[in-house]
Amino acid sequence: MQLLQIKNLQFLHCGPISFQIKPTEIIGLSGASGSGKSRLLRALADLDDHQGEIQLDEMHQQTEIPHLWRKKIALLSAETHWWFDTLSAHFSNVDDPVLLAGLNALGFSVDCLQWDVARLSSGEKQRLGLLRLLQNKPQVLLLDEPTANLDKTNSHLFESFVAKYLSNNQACAVWVSHDAEQLARVATRCYRLEEGVLTHVD
Amino acid sequence: MLIELSPIDLSVAALLVLLLGSLSALMKLGITRQLYIAAARTTVQLLLIGLVLKTLFASTSLAFILLISMMMISVAGWEILSRQKRKLKVGWGLGVSTGSLFISSFLITLLCLLTVIQADPWYSPQYAIPLLGMLLGNTMTGIALGMDRLIQSAWQQRPVIEQRLMLGQSADEAVSDLRREAMRAGMIPIINSMAAAGLVSLPGMMTGQILAGAAPVEAVKYQILIMFMISSGTGLGVISVLWLISKRLFDERERLCFKRLLKEE
């Protein structure tokens, strides 16, 4: 049973914020641009300075080796970056059956791994960015507007793919989105970040 | 017999520098000021050192020669910082640049004086000072280039470094490619000079010795010694600087954090 607990998290003007997420749950997070949603995700992944207790089961964020923490608590930022010339160089294991199944589920053919990254569209980058992140087998997914550049069909594919990953791996997620309908579809419960305060939305 | 240069001869060369400066100003390349200052400095500094070199070489005081060496190292360290596009925190930056010059130039010169040259006394200034000077001059270039490359590319590729951190890479892995590129940039000048030595360029020290009547083979041996010392010194210096900077780019939680390294804008 992997439980993510956030106690008195504070960063910038935000907080203290406390909540917890159980396995297979998805927390929907909304709020105006600049309200600190992305910063909240970055704090959870320990990429920015912040105060408060964050723990995954018995693992405490501030005493865990940072890069091992980020393998468990994985952030998919709104814009993903690719630094090698080919797509395949970014994946730790290109023969991983889980990756191949993922490509299939998200509407790619297997030979897309040979593509040049320069030809990727932003929607493709987001979906492939998720698959790249999942190679670490994270227990918590932090998704920052992951379907912002996807059409309706691909958004739905993405949503069900994430839900399936969470239930297969007993993982959980925080899902940031401006799309209230989407959050209603995917989230177990929803919060709104406004003027530094996190409030529950029904 | 040396052909004497008249002030007019020098002004021909000076005119070329002025020309380059104006061209750079015209094309807005932004090096005019730096070029003129460097040209003025070379003139004044060489004139001054020319006047005292004989007296300096006549000195037999170890303390005095050490003092001169430390001065040379500090100036070289300062010049490395001045060549950086992004301005480093001065105290930390000076510590790193002079520290790495100390390893790469001072210790190697010392080793060479004690085990290879073995003059009497071993710190004879006519060997010690030019040797240290040649090493400093070259490693300083390598270090300045490597450092500038690493900091500039890390700054430009912040999103990529952070992306790599998000993928669970350690700080060290996340900058490994940039460090390799910076190492290459720092080593290009000395690898060029070694590869082209004798075919393209005739090293100044060796040529001078032969013209002054030294046996060619002896002069060549000295030049090889110098080249090997410079390349290993530059390599060591660049490696230590890149290692220190890539550590400094991240805080204790492996977060990319330029404010530890750079001056606040």
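Any idea which of B:L132, B:L67 is more than 12 Å from the chain's Cα centre (by Cα) and either farther than 30 Å from B:D251 by Cβ or in contact (Cβ under 8 Å) with a residue 40 or more places away in the chain (or both)?
Result of the check over B:L132, B:L67: B:L67.
Looking only at residues that are in contact (Cβ under 8 Å) with a residue 60 or more places away in the chain and more than 23 Å from A:L44 (Cβ to Cβ) in segment B:154-171, which one is nearest to the other protein chains (Cβ to nearest Cβ)?
B:A154
If you check B:L81, B:L88, B:L35, B:L67, which single one turns out to be outside the structural domain of B:L242 (by TED's automatic domain parsing) and either closer than 30 Å to B:L236 by Cα or of a type outside the set (D, E) (or both)?
B:L35
For segment A:24-41, which positions are farther than 22 Å from A:A163 by Cα and within 14 Å of chain B (Cβ to nearest Cβ)?
Within segment A:24-41, A:R39 is the sole residue that qualifies.
Residue-by-condition table, conditions (1) of a type in the set (K, R); (2) assigned to a helix (DSSP H, G or I); (3) at pLDDT 95 or above:
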{"residue": "B:G50", "(1), (2), (3)": "no, yes, no"}
{"residue": "B:L56", "(1), (2), (3)": "no, yes, no"}
{"residue": "B:T60", "(1), (2), (3)": "no, no, no"}
{"residue": "B:A76", "(1), (2), (3)": "no, yes, yes"}
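For segment B:206-265: of the residues being of a type in the set (S, T, Y) and under 23 Å from B:D177 (Cβ atoms), which is farthest from the other protein chains (Cβ to nearest Cβ)?
Checked segment B:206-265; the qualifying residue farthest from the other protein chains (Cβ to nearest Cβ) is B:T234.
Across segment A:167-200, what is the total count of residues that are over 14 Å from the mean Cα position of the chain (by Cα), closer than 26 Å to A:T153 by Cβ and β-branched (V, I, T)?
Summing the residues that are over 14 Å from the mean Cα position of the chain (by Cα), closer than 26 Å to A:T153 by Cβ and β-branched (V, I, T) in segment A:167-200 gives 1.
Return the pair list, or none, for Cβ contacts closer than 6 Å from residues in segment B:223-237 that are in the same structural domain as B:I188 (by TED's automatic domain parsing) to residues that are not in a helix (DSSP H, G or I), at least 6 apart or on different chains.
Close Cβ pairs satisfying both conditions: B:Q223/B:P203.
Could we say that A:D57 is within 14 Å of another protein chain (Cβ to nearest Cβ) and among the charged types (D, E, K, R) here?
no
Of all the helices (runs of 4 or more DSSP H) wholly in segment A:64-141, which have at least 3 residues that are hydrophobic (A, V, I, L, M, F, W, C) and within 14 Å of chain B (Cβ to nearest Cβ)?
Those helices (runs of 4 or more DSSP H) span A:122-134.
Considering every residue within segment A:41-49, establish whether at least one is loosely packed, with under 13 Cβ neighbours inside 10 Å and of a type outside the set (A, V, I, L, M).
No: segment A:41-49 contains no residue that is loosely packed, with under 13 Cβ neighbours inside 10 Å and of a type outside the set (A, V, I, L, M).
With respect to B:V241, is the statement that it is touching a residue at least 40 places away in the same chain (Cβ under 8 Å) and in the same structural domain as B:G93 (by TED's automatic domain parsing) true?
yes
Kindly indicate which of B:L94, B:L23, B:L88 is touching a strand residue (DSSP E or B) at 6+ places or on another chain (Cβ under 7 Å), of a type outside the set (K, R), surrounded by 11 or more Cβ atoms within 10 Å (Cβ to Cβ) and farther than 23 Å from B:G204 by Cα.
The unique qualifying residue is B:L88.
Scan segment B:180-205 for residues that are basic (K, R) and within 14 Å of chain A (Cβ to nearest Cβ) and report the count.
1
The values are calculated or read from the model by the stated rules, or taken from the named source; none is laboratory data. Keep in mind it's a predicted model, so treat the numbers as computed, not measured. Here the Cβ is made from the backbone with ideal geometry for all residues, glycine too, and neighbour counts use every protein chain on show.
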